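*Asks:* The structure follows.
Only the coordinates and a few stated rules stand behind these numbers; no lab work does. Because the structure is a prediction, the values reported are computed rather than measured. FYI the Cβ positions are ideal-geometry reconstructions off the backbone, even for glycines, and counts take in every protein chain you see.
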Amino acid sequence: MNATARERLASFSVDLDEIPCYAAIHGLPLPSGRARHAIYDEALPRYLDFFDEAGIRATFFVVGADLERPENLARIRDAHARGHEIASHSHTHRYDLTRRDRAFVHEEIESSARILADATGARPAGFRAPGYTVDEVVFEALEASGYAYDSSVFPCPAYYVAKAAAMLAIRLRGRESRSILDHPRVLTAPADPYRVGARYHRRGDGMLELPVAVTRGLRLPFIGTFVVLGSERAARSLARGMVGRPHVCFETHGIDLACAERDDLAWLRPHQPDLRVSLETKRARLLAVVEELRSHGYRFVRLDEAAARF
């Protein structure tokens, strides 16, 4: 790694999964009206204001097909013009990407790269898989399309168990989730930046992986969902659990700054716990994370900037 031993870097990223993705996770009918575009129309502007106030340039992971909507395209171009990184979250956000054939995977990843290049004038450097789920074919496709890094690996036992339990609960209620469970080998992957080997969860000399953050020791999840659901004290405690890692990849979703009442999402609140927390409270907890990491000497950079240092 090229980063100096004393350099502490943190990256704030946002997965812009639009509301139909959550309907798919919970096995619910697709929404209509303004709720269908709540992430781009409501949450994304809130994130841009938050980053301006916090003095952060972040990374947005964008689903390529979402930019077919002119309003979404305009917002992403605005984010890019403000200095934020625009990275790929695949073309159509297929949760079962790793279960599709090689040709589909390559086209899904390359199509997204082309669309984002048209939107920003530069091909994306980074990729995050839907549901954090990758395999060797995904890495093969990323290298073929010229990506510089991946940020999908999430080696977190607590998240893995929680996701499995949630999928089972949805099934027991007679609904079908489109989400899939990753292979448990992901739990053995390194938690700090590494180059992937012949198997993506092992070190090698392949593509650079910037894993989604887990704390030192117990590998607790350090992502937006768990931060906004806890107290501010818990958010700061999780942030302190990251201290010592050379890079903190703090991953959030657009829905982490969505509001059930203001964004016509009350129908989703019974299924999505983070929508039961007020917007002001969620914002305060995200800010607490930024403040805590900065107090320990972490400097916020975009993920492509972090990748250049490892």
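*Asks:* Taking 8 Å as the Cα distance limit and 6 or more residues as the minimum spacing, I'd like the relative contact order of region 9-307 as a percentage.
*Replies:* Normalised by residue count, the contact order of region 9-307 is 24 percent.
*Asks:* Can you sort 47, 194 by how many other beta carbons sit within 10 Å, fewest first?
*Replies:* Values: 47 24, 194 21.
By the 10 Å Cβ count, ascending, the order reads 194, 47.
*Asks:* By how many nm would the segment from residue 168 to residue 122 lengthen if fully extended, with 0.36 nm per residue of separation less the alpha-carbon distance?
*Replies:* Numbers: separation 46, 0.36 × 46 = 16.56 nm, distance 4.12 nm.
12.4 nm is the gain from fully extending residue 168 to residue 122.
*Asks:* If the label point is 7 Å along Cα→Cβ of residue 299, which residues in region 57-87 have backbone nitrogen under 17 Å from it?
*Replies:* Answer for this model: 57-58.
*Asks:* Now a separate question. Stretch residue 77-residue 49 to full length: gain in nm at 0.36 nm per residue minus the Cα-Cα span?
*Replies:* 8.6 nm is the gain from fully extending residue 77 to residue 49.
*Asks:* Beyond 18 Å, how much of the Cα-Cα pair distribution for region 143-281 remains, as a whole percent?
*Replies:* Percent of Cα pairs beyond 18 Å in region 143-281: 63.
*Asks:* On to the next question. Relative to the Cα centre, what is the charge dipole magnitude of the chain, using +1 at the beta carbon of each Lys and Arg, -1 at the beta carbon of each Asp and Glu, and rounding to the nearest 20 debye?
*Replies:* The calculation lands at about 1020 debye.
*Asks:* Now for a separate question. Explain nothing, just the number: relative contact order of region 143-230, from Cα pairs under 8 Å at least 6 residues apart, as a whole percent. Walk me through the numbers on the way to the answer.
*Replies:* Working: 120 pairs, mean separation 31.3, N = 88.
Relative contact order here is 36 percent.
*Asks:* For the chain, what are the DSSP H helices with axial Cα length of 18 Å or more and mean Kyte-Doolittle hydropathy of at least -0.5?
*Replies:* Flagged H segments are 102-120, 157-172, 279-295.
*Asks:* Same structure, new question: To the nearest 20 debye, what is the magnitude of the charge dipole of region 202-307 about its Cα centre, counting +1 on the Cβ of each Lys and Arg and -1 on the Cβ of each Asp and Glu?
*Replies:* Charge dipole, region 202-307, about its Cα centre: 500 debye, nearest 20.
*Asks:* Please get the size of the charge dipole for region 122-196, origin at its Cα centre, with Cβ charges of +1 on Lys and Arg and -1 on Asp and Glu, quoted in debye to the nearest 20.
*Replies:* Details: 9 positive and 8 negative charges, 93 e Å.
The calculation lands at about 440 debye.
*Asks:* Also: If Lys and Arg each add +1 and Asp and Glu each add -1, what is the summed charge of the other residues whose beta carbon sits under 11 Å from the beta carbon of residue 214?
*Replies:* Net of charged neighbours comes to +1.
*Asks:* What is the spin-label model distance, in nm, from residue 188 to residue 231 if the labels are put 7 Å beyond Cα along the C-beta direction?
*Replies:* Label at residue 188, label at residue 231, 3.9 nm between them.
*Asks:* While we're here: Among 173, 262, 299, which one shows the biggest mean-square fluctuation in a GNM of the chain, springs joining Cα atoms closer than 10 Å?
*Replies:* 173
*Asks:* When the Cα centres of region 179-224 and region 96-148 are compared, how far apart do they sit, in Å?
*Replies:* If you average the Cα positions of each part, the centres end up 18 Å apart.
*Asks:* For a test of the definition: using alpha carbon positions, the gyration tensor, and the 1.5 limit on a/c, classify region 1-150 as rounded, prolate or oblate.
*Replies:* Numbers: a/c = 1.56, a/b = 1.02, b/c = 1.52.
Oblate shape, in that a/c is at least 1.5 and b/c is the bigger or equal ratio.
*Asks:* With Kirkwood radius over Cα pairs in Å defined as stated, name the option among (1) 20.3; (2) 22.2; (3) 19.4 computed from the structure displayed.
*Replies:* Among (1) 20.3; (2) 22.2; (3) 19.4, the one calculated here is (3).
*Asks:* Now for a separate question. Can you give the % of DSSP beta bridges in region 9-307 that are antiparallel, to the nearest 5?
*Replies:* 15 percent
*Asks:* Of 252, 230, 63, which is farthest along the charge dipole of the chain in the positive direction, counting Lys and Arg as +1 and Asp and Glu as -1 at C-beta?
*Replies:* 230
*Asks:* On to the next question. Expressed as a whole percent, how much of the Cα-Cα distance distribution for region 1-90 exceeds 15 Å?
*Replies:* Tail of P(r) above 15 Å: 63 percent of Cα pairs.
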